[in-house]
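Asks: Here it is: the structure, laid out below.
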Amino acid sequence: MAKKENYTASNINVLKGLEAVRKRPAMYIGDVGQRGLHHLINEVVDNSIDEALAGYNDKIDIIINEDGSVTVEDAGRGIPVDIHPVEKVSALEVVMTVLHAGGKFDKNSYKVSGGLHGVGISVVNALSTKLIAEIKRDGKIYKQEYEKGIPLYPVKEVGKVPKKETGTKVTFYPDPTIFKSTKFRFEIVTERMKELAFLNKNITIKVADKIENLEETYHYKGGIIEFVEYLDENRKTLHKPIYIEGEKDDTPVEIAFQYSDAYADNICTYVNNINTKEGGSHLVGFKTALTRTFNSYASKNKLIKETKNKKITLTGDDFREGLTAVISVKVMEPQFEGQTKTKLGNSEVKSIVETIVGEKLADYLEENPSIGKKIIEKCLRAAEAREAARKARDLVRRKNVLDSMHLPGKLSDCSIKDPELCEIYIVEGDSAGGSAKQGRDRRFQAILPIKGKILNVEKAKINKVLENTEIKTMVTAIGAGIGAEFDAEKSRYGKVIIMTDADVDGSHIRTLLLTFLYRYMQNLITTGRVYIAQPPLYKIKKGKQEFYAFDDAERDKILDKMRSKEEAKGKNNEDNIPKGVTISRYKGLGEMNPEQLWETTMNPETRTVLQVNLESAAIADKVFETLMGDDVTPRREFIEKHAKYANLDV
Ligand code: 0RA
């Protein structure tokens with residue numbers, strides 16, 4: 001009887017705790033929307049992951065049941081069911097009903113749960129209309145059920161199992177009076193489960209949605225190596241991921257990284273499976289070791305060529321260009337800091353990671369000299385680009401030659417001064433420039449003719465770029481600076497339209513111009529101010545009617561239409577080309593008279609201009625590779641895929 005009294009007594013505190021959770025759920029799970037709802041699953045799964053970290057669990061099943069409930073089942077030790085010495089009720093009941101009780105049981109372990117948002121499984125219980133816990137432990141199956149967190153009966157034995165079969169099964173029904181919606185989404189659940197499977201290579205996680213009939217199983221033998229490969233899936237990589245593993249002072253460290261031809265870096269860091277988005281000491285340790293180890297490897301193997309007047313030094317930024325990395329450390333008592341509490345504060349972790357990476361990476365490079373060389377070469381290119389950018393900046397600062405005080409003589413400017421209304425056509429060749437100048441609407445259209453093939457800035461040194469007449473002309477006309485000093489908001493024109501011939505030479509010139517704009521006026525592109533004019537390739541004439549076609553396919557479509565019209569009129573047409581039709585192919589913009597050029601390519605009412613939009617700097621390289629190529633087909637495919645055709649002006 002004493003037992004029962006205690007049970008009731010402890011219940012009063014428990015009730016207070018559960019009530020607090022139900023009163024202010026957002027305080028415990030962030031929000032009561034979709035995120036908060038899915039957080040319930042993560043909360044339970046985190047406990048199963050802890051069992052895996054402790055070495056007792058290799059399997060988690062998550063099922064979205066037909067009745068809308070969720071079941072999480074693992075093969076861990078099973079939540080203890082013996083009577084808790086303080087609370088005088090079963091440990092299971094304590095874990096399920098007392099806030100933050102989960103971690104009280106075993107101290108010396110790495111934990112996901114309780115780490116960050118870890119509020120304990122009792123919060124899931126409090127926010128569920130019903131929860132069923134079934135435990136396999138010591139050859140028996142135990143069960144307890146709850147409503148809004150309150151036990152319906154003390155833990156009871158409901159069956160037997162082989163002794164070595166252990167685990168925890170939790171089924172819960174989220175409370176619809178608390179959550180905006182209680183519908184779980186498969187994609188949201190799988191995102192975190194996939195990440196967890198990458199981070200824990202021995203685990204198998206299955207997610208099944210019995211409502212939508214969806215199922216996925218995640219198991220990655222390669223762990224974070226496969227994670228890195230997955231992140232770099234669409235990138236051109238330099239080598240297979242480099243894997244580093246070690247442990248110091250009870251702190252296991254696991255890192256996989258790989259270089260690709262991308263510009264940005266992508267370093268994902270985790271502490272006890274928690275994504276530390278703000279980084280912290282583990283990240284600092286990794287960066288320090290990476291820079292130091294690669295630098296000493298490079299100088300030891302004389303991979304940095306020294307020329308007479310310049311010595312390249314590689315900085316941390318150079319070693320991170322195109323780097324994709326996953327860093328996963330396990331820390332006994334992690335301290336989370338920062339704005340969103342996702343920054344690892346434990347200072348000792350810095351030197352642990354630094355030491356492990358320093359040693360293991362040096363070993364790796366000794367054993368894989370060809371990969372080492374490749375990486376150093378890549379970093380040298382990054383350093384050169386950085387140095388060139390700095391010089392360009394200095395030069396522009398020193399000589400103020402590129403100001404727009406003295407507009408180039410070749411520029412036929414427009415009369416309206418509001419930049420947003422104005423556009424500049426950069427036109428290839430003087431004769432096309434002449435037609436454009438005559439055909440334009442001079443109120444808002446400016447024309448800048450440039451001579452032939454401009455300098456390829458990819459291959460030219462920065463000082464040559466700034467000395468180049470055509471480039472200087474463009475910089476002055478646009479009037480917004482160059483390089484790091486460039487400010488798209490200062491552009492004298494809202495649209496910069498590149499107009500070149502519709503042939504191979506023309507596309508080459510266009511690419512050179514785009515490359516220049518990308519490297520030295522990048523914001524002009526990212527703010528959507530750069531366009532490509534689309535002059536027609538063919539003129540199809542029938543009597544007084546004129547049609548323009550922008551490519552072969554369009555030409556054939558027009559001819560097909562003409563043919564079927566004739567057939568409809570009863571004329572049997574065996575010819576390829578319908579009678580009385582002439583097709584002329586424009587060899588260049590210069591062949592078009594001003595009126596034609598206006599109508600087909602420049603009149604905002606009738607033209608099609610292509611907006612150049614680079615989604616990210618990372619894909620930009622690929623863009624230029626494609627556009628630089630001589631092959632027309634991938635170029636067209638690329639344009640169709642990436643650029644949006646639009647009558648942007650109408
Ligand atoms: C408390 C103590 C121990 C394990 C657990 C809780 C535990 C909780 C959950 C929640 C879902 N699955 C779980 N698996 C285990 C340690 C048990 C021991 O020492 O035997």
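The values are calculated or read from the model by the stated rules, or taken from the named source; none is laboratory data. Treat the numbers as computed from the prediction; the structure is a model and nothing was measured. Please note: Cβ atoms are built from the backbone with ideal geometry, for glycine as well, and neighbour counts cover all protein chains shown. These area figures cover heavy atoms from the full protein model, side chains too; ligands, DNA and RNA do not enter into them. Shrake-Rupley method; radii C 1.70, N 1.55, O 1.52, S 1.80 Å.
Asks: With the other protein chains left in place, how much accessible area per residue, in square angstrom, belongs to the range 5-76 at a 1.4 angstrom probe?
Replies: 46 Å²
Asks: Hey, another quick one. Loop-only check: which GluC sites (Glu not before Pro) in the range 269-357 are DSSP coil with at most 15 other Cβ within 10 angstrom? Walk me through the numbers on the way to the answer.
Replies: Working: sites: 278, 306, 321, 337, 348, 354; in loops: 278, 306, 321.
Hits after loop and neighbour filter: 306.
Asks: List every residue whose amide H lies under 5 Å from the amide H of residue 206, counting only residues 5 or more places away in sequence or on a different chain, with H placed 1.01 Å from N in the peptide plane.
Replies: 60, 61, 62, 218
Asks: Divide by every residue of the chain the summed helix terms, -39500 (n - 2.57) for each DSSP H run of at least 4, and state the resulting mean residue ellipticity at 222 nm, rounded to the nearest 500 deg cm²/dmol.
Replies: Numbers: 20 runs with 249 residues, N = 650.
After summing the helix terms and dividing by residue count, I get -12000 deg cm²/dmol.
Asks: While we're here: Please state, as a whole number in µm²/s, the translational diffusion coefficient that the Stokes-Einstein equation yields for the range 516-592 at 10 °C and 1.306 mPa s, with Rh defined as the Kirkwood radius across alpha carbon pairs.
Replies: 105 µm²/s
Asks: Normalised by the number of residues in the range 117-210, what is the relative contact order in percent for Cα pairs under 8 Å and 6+ residues apart?
Replies: 24 percent
Asks: Applying the Karplus parametrisation 6.51 cos²θ - 1.76 cosθ + 1.60 with θ = phi - 60° to the phi angles of the range 409-423, what ³J(HN,Hα) value in whole Hz is obtained for each residue in order, glycine and proline being reported as x?
Replies: For the range 409-423, the Karplus-derived couplings read x, 6, 6, 9, 7, 8, 8, 5, 9, 5, x, 5, 8, 9, 9 Hz, x marking Gly and Pro.
Asks: Sequence gap at least 6, Cα distance under 8 Å: using those rules, report the relative contact order of the chain to the nearest whole percent. The partial results should precede the final answer.
Replies: Details: 1207 pairs, mean separation 54.9, N = 650.
With pairs under 8 Å counted, the relative contact order is 8 percent.
Asks: Something else about it: Which whole-number percent gives the relative contact order of the range 157-267, counting Cα pairs below 8 Å spaced six or more residues apart? All intermediate terms of the calculation are to be shown ahead of the outcome.
Replies: Values: 117 pairs, mean separation 17.7, N = 111.
Averaging sequence separation for qualifying contacts and normalising by length gives 16 percent for the range 157-267.
Asks: Sequence-distant or interchain residues sharing an amide H contact under 5 Å with residue 268, placed H: which?
Replies: 325, 326, 327
Asks: Express the carbon and sulfur contribution to the solvent-accessible surface of the chain as a percent, rounded to the nearest whole number, probe 1.4 angstrom.
Replies: 49 percent
Asks: May I pose another question? Listed here are the pairs 111/350; 373/464; 417/437; which of them are more than 23 Å apart at the Cα?
Replies: Check vs 23 Å cut-off fails for 373/464.
Asks: Provide the per-residue ³J(HN,Hα) series for the range 62-79, in order, calculated from phi with Karplus coefficients 6.51, -1.76, 1.60 and θ = phi - 60°, each as a whole number of Hz, with x at glycine and proline positions.
Replies: Once rounded to whole Hz, the list reads 10, 10, 8, 7, 4, 7, x, 7, 10, 10, 10, 10, 10, 10, x, 6, x, 5.
Asks: OK, next. Determine, at each q value in 0.27 (inverse angstroms), the log₁₀ of I(q)/I(0) that the Debye formula gives when each Cα of the range 19-100 is one equal point scatterer.
Replies: Debye curve over Cα of the range 19-100, log10 I(q)/I(0) at q = 0.27 Å⁻¹: -1.21.
Asks: Another question, if that's okay. Describe numerically, in nm with one decimal, the distance between label points set 7 Å from Cα along Cα→Cβ at residue 550 and at residue 11.
Replies: With each label placed 7 Å out from Cα toward Cβ, I get 7.5 nm.
Asks: Rounded to the nearest 0.05, what FRET efficiency do residue 384 and residue 35 have when you use their Cβ-Cβ distance and R0 = 41 Å?
Replies: So the FRET efficiency works out to roughly 0.40.
Asks: Same structure again: For the range 446-530, what does the accessible surface come to per residue with a 1.4 Å probe? Please give it in Å². Don't skip to the answer; put the middle values down first.
Replies: Working: 2980 Å² over 85 residues.
Per-residue value: 35 Å².
Asks: For residue 301 and residue 129 in the same chain, what is the full-extension length gain: residue separation times 0.36 nm, less their Cα-Cα distance, in nm?
Replies: Here the answer is 55.3 nm.
Asks: Another question about this same structure. Find, among the trypsin sites (Lys or Arg not before Pro) in the range 440-495, those assigned to loop by DSSP (not H, G, I, E, B) with at most 16 other beta-carbon atoms within 10 angstrom.
Replies: Hits after loop and neighbour filter: 442, 443, 451, 453, 459, 461.
Asks: Please list, in order, the residues from the range 11-36 whose amide nitrogen is less than 20 Å from a point placed 7 Å along the Cα→Cβ vector of residue 278.
Replies: So the set is 27-31.
Asks: From zero up to wherever the largest Cα-Cα distance of the chain sits, split into 20 Å bins and tell me the percent of pairs in each.
Replies: Distribution as computed: 15, 33, 29, 19, 4, 0 percent.
Asks: What nm distance separates the two modelled labels at residue 145 and residue 603, each placed 7 Å from Cα along Cα→Cβ?
Replies: 7.7 nm
Asks: May I pose another question? So how much slack lies between residue 442 and residue 219, counting 0.36 nm per residue of separation and subtracting their Cα-Cα distance, in nm?
Replies: 73.8 nm
Asks: Work out from phi, with θ = phi - 60° and the Karplus expression 6.51 cos²θ - 1.76 cosθ + 1.60, the ³J(HN,Hα) of each residue of the range 203-220, listed in order in whole Hz, and give x for Gly and Pro.
Replies: Whole-Hz 3J(HN,Hα) from phi for the range 203-220: 8, 10, 10, 10, 10, 10, 10, 7, 7, 8, 6, 10, 8, 9, 10, 10, 8, 10.
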